[in-house]
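These notes are about the structure you will find just below.
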Amino acid sequence: MILRREPQPRGPADASMTLLNDVIRRPLDPGYVEVAERKAAGLDTGRTWVQFAWVFLVAVLLGTLITTAVVTLRTPKDGVVRARALLEERIDRGRTQVKSLRAANATVSQQIAKLQSDALASTDPNLLTSLSQYEVASGAAAVSGPGLRVTLDDAADVRQNPDQADPLSRVMASDIQEVVNGLWAAGAEAISVNGERLTSLSAVRGAGLAILVDLSPLLPPYSVEAIGDPDALRARFSRTSASTRLELLGEHYGIVSSVSAVGNLQLTGGGSVTLRYAAVHVQEDASKTAPTPTPTLEASPTPAQEGNTP
Amino acid sequence: MIALIGLVIGVVAGLVLEPSVPVVLQPYLPIAVVAALDALFGAVRALLDGLFDERVFLVSFLSNIIVAALIVFIGDKLGVGSQLSTAVVVVLGIRIFSNVASIRRQLFRA
């Protein structure tokens, strides 16, 4: 059986689409045709002055209206752009200021540390040695050595369009916390997250979508660097719950993570240290069991007395 | 002719005076501009067809703008303002396109 298609006249495709057909096939305002027909029939009897005045008035009104609309639609954009530029400029200025202040802070605390160690070296060399050990442990002093680097990054679709992506496929503060805790448990001696050294008072916290380490916001990709024996660290880290969690994150949310051994990591010191506790130095003849460093260290295990960023 | 002169005077007045639009009316401005474009292309087509009439042009211009704004206003009140303004833009857009197509056919015979 052969089906033959009848040639159909070009008519409305579907009766239910009268509106669309009407819009597409007869876009000219029917009013024009009507008036033309009336003119042809001789029914249109010209215009009076009042009608001319009306036409003129309406035309002026419409012209003003449309121009105003166009002008208004154009102006706020400029305003927005200007406001944005102003804000950007302020942010830039703030950033450079922060940078210079940080640099100044670092040099000053270096000077302080040098003066302190000089002073201590002449009066109490033992205290200086134990102090520098505590500084390494607490994160106040810069350290370097072999270690492990764990990197985490948001899932690919978050990176492509951050506004619509599932917020669960972002790296969250709790993920970083887990990794950091896992690395401590695996025997890391010092850890920094995106260059922010973790001291014994550091906190990894989430504020909305931002991840803060010691109140400075981090940007992805996140890299957690830990100093320690790379092989031992890696073996022990793979047995922690952090490692399991990373696998889970990669499987379910597409979060990219990797663990690699690095030959030489440079971790900065934890910045300036605040004096929280101080005690009067005990006279030398009374101190038989060298109690001098004890009170300060009991008060807080952080480098409570001295800042040191060599 | 008188409508054209009036429009030009209106445009100049709008550019010189730069009257400020109340914030309440601002959502209707894009729709008003699209409706005006539709009326404009309709007028050009009527002109080419030899059917142009000032009064019809002005009335269609004005009613286009008012009806479009009214639809969007009602839509806003019903909570479907953005959908209805999309509908208005689509219908007027189709009209503009077919008017321009017919103008093009008349001008270039293609």
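Odds and ends about this structure:
- Scanning the range B:39-55 for residues that are facing another protein chain (nearest Cβ under 7 Å) and surrounded by 22 or more Cβ atoms within 10 Å (Cβ to Cβ) yields a count of 4.
- Filter pass, B:Leu62 being open to solvent by 50 Å² or more (accessible area, probe 1.4 Å) and more than 7 Å from chain A (Cβ to nearest Cβ): no
- Residue match in the range A:60-71 (condition: outside any helix (DSSP H, G or I) and either over 30 Å from A:Ser169 (Cβ atoms) or within 43 Å of the chain's Cα centre (by Cα) (or both)): no
- Of the helices (runs of 4 or more DSSP H) lying entirely inside the range A:87-202, those carrying at least 3 residues that are over 25 Å from A:Ala261 (Cβ atoms) are A:125-138, A:156-160.
- Just so you know, in the range A:195-230 the residues that are acidic (Asp, Glu) and more than 11 Å from A:Leu267 (Cβ to Cβ) include one that is most open to solvent (accessible area, probe 1.4 Å), and it is A:Asp229.
- Checklist (1) within 21 Å of A:Leu246 (Cβ to Cβ); (2) open to solvent by 60 Å² or more (accessible area, probe 1.4 Å) applied to A:Ser144, failing item: (1)
- Enumeration of residues in the range A:207-220 that are closer than 17 Å to A:Ala165 by Cβ and not in a loop (DSSP other than H, G, I, E, B): A:Ala210, A:Ile211
- Among (1) more than 8 Å from the chain's Cα centre (by Cα); (2) assigned to a helix (DSSP H, G or I); (3) at the interface with chain A (Cβ under 9 Å from one of its Cβ atoms) - the single one B:Ala36 does not satisfy: (1)
- Residue selected from the range B:65-94 under the condition farther than 21 Å from A:Leu62 by Cα and open to solvent by 70 Å² or more (accessible area, probe 1.4 Å), by the criterion nearest to the other protein chains (Cβ to nearest Cβ): B:Val90
The values are calculated or read from the model by the stated rules, or taken from the named source; none is laboratory data. Bear in mind that the values here come from a model prediction, so they are computed numbers and not experimental data. Cβ atoms come from the backbone with ideal geometry, glycine included; neighbour counts cover every protein chain shown. Accessible surface areas use protein heavy atoms only, side chains included; no ligands, DNA or RNA. Shrake-Rupley method; radii C 1.70, N 1.55, O 1.52, S 1.80 Å.
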